[in-house]
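What follows is a single structure, written as structure tokens, with notes after it.
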């Protein structure tokens, strides 16, 4: 058995996962990210101890713990940067191993969701694949020859910070033009809001939000686009345009067999998927260029826990 931890800005999800990737038991608690790192780490340790007791397994049967973080970790298990939690240079592996007596391994959450899709999801059986999550930001998980690819400094899957164009606002990282400022749910909301504030009032979105722009969310915009709303489709098509640029950039460097689209926006299903596939086809630099198949990820919210557990599995015998 293995334990996977999906450490998010809102919730901490912890689960017990079998060797074949089956989630056996899980539990979630609020992150309360305004607290100090050591308080959050203490919560993670407590929940791990709780689920071991509640599921009724012997501690000795837990071979490893994997943790997915919404940021960057070094190969020693320290959190280099985690903007959502306001963590910088925080030791995570060492204090947890000291407390729990179980090997701990850490990586980016989107990378590990990609590992889960490779192990038991839509990328299973493929030699290479790229998982792209469209949520608050844009994250990525790259699998090459059956192994996670994060590069020499562990930052090789930061797809959301690929520059794809010039934007009207800067990324949280301080640069302009990052993919996640075009293709995330946040970007979709920001651009839709901009269009409405500029006087584009002929949209059913206004009815759906009762004129309160603070109620805007990705689901409302996608549903309006599905209903044929011109403004909503303009916003969605802009997102798709830049996502396709990102996919083609990845193709030019990695040429994966498959792209799996996950995250909250992937719930738009075939409506969004068809748009992405069409735009990717338009962006080929010659008509017959083969490009990896673009599909929807299938594991949903369980991917983070399962992928983290599989990270643990891959690092112990």
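The values are calculated or read from the model by the stated rules, or taken from the named source; none is laboratory data. Everything quoted here is computed from the prediction, not taken from an experiment. Reconstructed Cβ throughout: ideal geometry from the backbone, glycine too, with neighbour counts over all protein chains shown.
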Specify which of the listed residues (122, 57) is assigned to a loop (DSSP other than H, G, I, E, B) and surrounded by fewer than 19 Cβ atoms within 10 Å (Cβ to Cβ). 57
Of (1) in a loop (DSSP other than H, G, I, E, B); (2) surrounded by 16 or more Cβ atoms within 10 Å (Cβ to Cβ), residue 52 satisfies every one except (1)
Any residue that is more than 14 Å from residue 6 (Cα to Cα) and modelled with pLDDT under 90 - is there at least one of those in segment 84-95? yes
Within segment 287-317, tally of residues that are assigned to a helix (DSSP H, G or I) and either touching a helix residue (DSSP H, G or I) at 6+ places or on another chain (Cβ under 6 Å) or closer than 18 Å to residue 263 by Cβ (or both): 11
Only unsatisfied item for residue 66, checking (1) under 22 Å from residue 303 (Cα atoms); (2) free of Cβ contacts under 8 Å to residues at least 60 places away in the same chain; (3) in contact with a helix residue (DSSP H, G or I) (Cβ under 8 Å, 6 or more places away or on another chain); (4) buried (at least 18 other Cβ atoms within 10 Å of the Cβ), is (2)
